[in-house]
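I have placed the structure first, in the form of structure tokens, so that the comments after it can refer back to it.
Derivation of every value follows stated rules applied to the coordinates shown; laboratory data play no part. No experiment lies behind these values; they were computed from the predicted model shown. Cβ atoms come from the backbone with ideal geometry, glycine included; neighbour counts cover every protein chain shown.
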């Protein structure tokens, strides 16, 4: 690794969901929520904590760069998890542990009379072990795969934990911090699914993911991913000519799927991402498969398209068999990814607090977005959840040229701290805004 500085108006401007297919306004911050937000920010200890976040930002960036250089491919997050657990323990989360799925979990207990907020950033990146994650500083930017998505989020959590413990900020509600596994690719949100399977009484969730304070993600795009697996007898291309081909059946299926129509509203998409099969150029293929990704902002639309895609494959198998007077080709559908559709109302306190926190920091967000993040899981369970960014500037996510630039990056952990304290309440200062329902 190569070496390396309050707006008081309430958020009232109407803002649109930036997903073009679903536009909804951001409601004003309700007076009771605004009152609690003001109480939190008026507290001298909180003001000092926000200032300390700004002062420690160079350390936060150092932590970010150091974690970046610990490779964490999907299903291979253990080394980074061990490092992150040590950082939790060093910062005073003495009860921190790694759960059975590989998530790092640490509790910061409140008075016992308030809600429980889970806040997480994901440990994994999209990159295989072979990708070099060494950080390089060029032209004021730090370059490294995964430096923003989501190592920035991991560093932000460390900053917030450190500052809260330094000032001994006592909260009404409990806070659970987590560095979770399995957000990317075939990880299929396995980490956050395990958290909500195993942890009881979580009343709200915040995912800190990526850079640029430009959004509040309050909608979860669902996805269903399958491998369509075609099987047949196979044989010599000349000697066994007349047998049906698994690859030919697969080709027919892909052609049919490519012609399917999807609605623009709710936005529904698909792609056949990979294909494999066959033995050699002079063999009738005995096996073939493709992987398909299907997404929608509506669970009903997603289910309809899934059925259409499967029917297209079944029709293709019938036609390939009929072409050769056979019944030897078959197809099976193997589920390889299932991200639930979900949403949190713009009127939910967790959304309003995030909007109000950004306004207090004079951050102009572009809108409320719909995306596929760890928040999909709690949203689908009816638990208030949002995804926000960790701050700073960056680009090139999911590419080897990913970069991060610490432009006003302290605003990220400051916003996270304001969100946490307003939602769970500061003992003797403010009441929790997050409801204690679960």
By count of other Cβ within 10 Å, fewest leading, how are 338, 393 ordered?
338, 393
Report the calculated FRET efficiency for residue 287 and residue 405 (r = Cβ-Cβ distance, R0 = 45 Å), to the nearest 0.05.
0.40
Report the extension gain between residue 336 and residue 271 in nm, rounded to one decimal, defined as 0.36 nm multiplied by the number of residues separating them, less their alpha carbon distance.
22.0 nm
A convex hull over the alpha carbons of the range 351-399 yields, per residue, a volume in Å³ of 100
In Å, descending, principal axis extents of the Cα set of the range 330-432
66, 37, 23
Just rank 294, 250, fewest to most, by other beta-carbon atoms within 10 angstrom.
294, 250
What's the exposure ranking of 97, 107, 142, going from fewest to most Cβ atoms within 10 Å?
97, 107, 142
Candidate values [x] 1.05; [y] 0.95; [z] 1.01, label of the one derived for Rg/Rh (Cα atoms, Kirkwood Rh):
[x]
Can you say what percent of the DSSP beta bridges in the chain, counting only those with both residues inside, are antiparallel? Round to 5.
70
Extension gain (nm, one decimal) between residue 35 and residue 304, 0.36 nm per residue minus Cα-Cα:
92.3 nm
Take the Cα atoms of the range 222-339, find their three principal axes, and give me the spread along each one in whole Å, biggest first.
51, 23, 18
